[in-house]
Amino acid sequence: MQKKWWQEAVVYQIYCKSFKDTNGDGVGDLAGVMEKLPMLKELGVTCIWFNPIYKSPQVDNGYDISDYQDIDPAYGTIEQFKELLDKAHAMGIRVVMDLVLNHTSDEHPWFKESRKSKDNPYRNYYVWRAPKENGKEPNNWGNYFYEGRGSAWQFDEATGEYYLHNYSWKMPDVNWEYEPLRQDMYKMMRWWLDLGVDGFRLDAINRLKKPEGLPDSKMPPAPPVGIYGYVVDRAICTNVPGIHELLREINKNVWSKYDMMTVGETGNLSSDGALDYICQDHNEIDMVFHFEIGKNPKIITVNEYKETQQRWIDLMKHNAWISQFLTNHDSPRQVSRFGNDGEYRVPSAKMLATLVHTMPGTPFIYQGEEIGMTNVYFDTIDDYNERYTVGKYNTMIEAGEKPEVALGKLRAMSRDNARTPYQWDGTDNAGFTSGKPWIKVNPRYPEINYERDRASADSIFDYYKKLTGLRREHPAVIDGDFRFLLYDDPKIVMFLRKCARETLLVVTNFSDDPVKVAFPEELRANKWKRVLTNREDTAPSLEGREEWLPWEAEVYTLSC
């Protein structure tokens, strides 16, 4: 069966706000992206995904949209976007937009109308409910931004009712039960696709359907903030019965009519329930971002990593497709989270990239991975912008935690780790802006930046180019079957990719330690030619190899 373009793609995620600023206002812009398109082409990128760049009050960095069909002035204009689209397409690079369908900004025209009166034509575009008899909120749901310290309901004086907002009170949830809302959403999506956009990353897509009757959560209010009575139950509005029928309806009305890619962000979804979304026979979405690896605050072991990958890869046997990533804008930097961002920053960055780009599925590169950007550890909560970090910090302080202890617990997993400006060079503000950046630059930028990496004989960027080239030149990377070897080894990740035309062997040391590798006899009996390594000082053959260096990664092809 012929592959879809997105199955063969290498996707590069652009957090425009932090990518490249050309006008000195401290915010990245579309002109900066256009300036760097040749760099992305050289990297081997075939698709870029923009985090939201629509008009927005920026309460949640653009995920609060006030106009779905315009570009925020901080980034540029719709004319500039069209110019960027044309330039990207001319280079063979497709463009995917981040689309938020669960909620809008309270400054969106729909919501401004909705709150005017109970009989306004837009009233049912959002979820409104009358107070309980005692005047309290319709249920006990807490919103995610304040970790149980705030309700998911906001009282509106104009009509005497509450509206639902699972996130900020400035981000009301829309009502997908209402047909006129659905039709306006379909019309908006068609407008972008007719403009030439190649697909959507769908924010919180498994949250569109709300539980019937909006019942109280049965979870107990989490201590120590249970005194507020609000329950942060992230599962209650995810994967609700009826979500699959709704997604099939959207697909039928919009997505199926275009040669496009859909990638759904699906929190609270494990591999057990994923097939319902991504089986191509179901006509819902093409693939999902899950959080069983990258966003999980628990440090997973190498064997847990293998077990998780195996479960997701097994879904592909059922006419499904998966994504491969370790970092995005919602997670820490992968070299700090899973690798070693000190002594072994360069080899561990390359090793992790090797896994992402040789495992089955579509690989996603988050901006800065290709130069080994690391987490940032700010000294004060005032330097953090990200809502969850600030909300959790305030909750911990209210519970009596000392500020330095609270911040110490939050730094490693803060989403701001991935949102600091791109480090282009060693000049002021890392060459990101001539003005004051919207968020501080990582202080490691003099040692870690694009210019310095490209000048290095051990360049991470150049290694990424080899990985994207491997995907183009070796059919087993996309089409090959997958099989782990040495599955129980706690430090070695080894697997075969095999198709009719070739067999590839990938061997990586996922640790700081030298490891002796007992290669299976089936490997020793064959001749293997090395096609990629992150350690040029090692032997190019498996013959005689016993020890693998820390964070070493090797890719071999079977020689006849």
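The values are calculated or read from the model by the stated rules, or taken from the named source; none is laboratory data. A quick note: this is a predicted structure, and the numbers were derived from the prediction, not measured. Cβ coordinates were reconstructed from backbone atoms using ideal geometry, including for glycine residues, and neighbour counts include every protein chain displayed.
Screening segment 1-21 for residues that are touching a Ser or Thr at 6+ places or on another chain (Cβ under 9 Å) and assigned to a helix (DSSP H, G or I) and picking the one that is farthest from HIS318 (Cα to Cα) gives SER18.
Of the residues examined, TYR463 is not one that is assigned to a loop (DSSP other than H, G, I, E, B), within 26 Å of ASN51 (Cα to Cα) and either assigned by TED's automatic domain parsing to the domain that holds MET359 or in contact (Cβ under 8 Å) with a residue 40 or more places away in the chain (or both). For PHE432, the criteria (1) aromatic (Phe, Trp, Tyr); (2) surrounded by fewer than 21 Cβ atoms within 10 Å (Cβ to Cβ); (3) modelled with pLDDT of 95 or more hold in every case but one, which is (2).
VAL59 meets all of the listed conditions (1) crowded, with 24+ Cβ neighbours inside 10 Å; (2) touching a Lys or Arg at 6+ places or on another chain (Cβ under 6 Å); (3) of a type in the set (A, V, I, L, M, F, W, C) but one, namely (1). As a summary of the residue check, GLN183 satisfies the conditions (1) farther than 25 Å from LYS118 by Cα; (2) assigned to a helix (DSSP H, G or I) except for the one numbered (1).
I'd like the full set of residues that are modelled with pLDDT under 95 and of a type in the set (Val, Ile, Thr), limited to segment 1-22. Outline the logic, then answer.
Of the residues in segment 1-22, the ones modelled with pLDDT under 95 are 1-3.
Passing the criteria: none in range.
The condition (being more than 21 Å from PHE200 (Cα to Cα), part of a loop (DSSP other than H, G, I, E, B) and not hydrophobic (A, V, I, L, M, F, W, C)) is satisfied by just one residue among GLY62, GLY76, GLY24, GLY92: GLY24.
The residues of segment 142-169 that are modelled with pLDDT of 95 or more and either surrounded by fewer than 18 Cβ atoms within 10 Å (Cβ to Cβ) or not in a loop (DSSP other than H, G, I, E, B) (or both), listed by number, are TRP153, GLN154, PHE155, ASP156, GLU157, ALA158, GLY160, GLU161, TYR162, TYR163, LEU164.
In this structure, does LEU208 turn out to be in the same structural domain as ASP330 (by TED's automatic domain parsing), touching a residue at least 12 places away in the same chain (Cβ under 8 Å) and within 23 Å of ARG115 (Cβ to Cβ)?
Details: in the same structural domain as ASP330 (by TED's automatic domain parsing): yes; touching a residue at least 12 places away in the same chain (Cβ under 8 Å): yes; within 23 Å of ARG115 (Cβ to Cβ): yes.
So LEU208 passes the test.
Annotation note: Cβ proximity below 6 Å between a residue of segment 114-130 that is in a loop (DSSP other than H, G, I, E, B) and a residue that is surrounded by fewer than 14 Cβ atoms within 10 Å (Cβ to Cβ) (sequence gap 6+ or interchain) occurs for ARG115/ALA158. Within segment 95-112, no residue that is over 23 Å from GLY199 (Cβ atoms) and among the hydroxyl-bearing types (Ser, Thr, Tyr) sits with its Cβ atom under 8 Å from a residue that is assigned to a strand (DSSP E or B) and modelled with pLDDT of 95 or more at 6+ positions apart or across chains. Under the condition of being surrounded by fewer than 19 Cβ atoms within 10 Å (Cβ to Cβ) and either in a loop (DSSP other than H, G, I, E, B) or not assigned by TED's automatic domain parsing to the domain that holds ALA353 (or both), the residues counted in segment 445-458 number 5. Restricting attention to segment 111-141 and to residues that are surrounded by fewer than 21 Cβ atoms within 10 Å (Cβ to Cβ) and hydrophobic (A, V, I, L, M, F, W, C), the residue that is nearest to the chain's Cα centre (by Cα) turns out to be TRP128. Does GLU107 satisfy being over 25 Å from THR266 (Cβ atoms) and assigned to a loop (DSSP other than H, G, I, E, B)? Criteria met by GLU107. Being touching a Phe, Trp or Tyr at 6+ places or on another chain (Cβ under 9 Å) and without any contact (Cβ under 8 Å) to a residue 12 or more places away in the chain is a description that does not apply to GLY150. Of all residues in segment 349-383, those that are more than 23 Å from GLN309 (Cα to Cα) and either modelled with pLDDT under 95 or surrounded by fewer than 21 Cβ atoms within 10 Å (Cβ to Cβ) (or both) total 7. For the condition assigned by TED's automatic domain parsing to the domain that holds ARG444 and more than 15 Å from GLU552 (Cα to Cα), PHE364 qualifies. Strands (runs of 3 or more DSSP E) fully within segment 480-560 that include at least 3 residues being of a type in the set (S, T, N, Q): 503-509.
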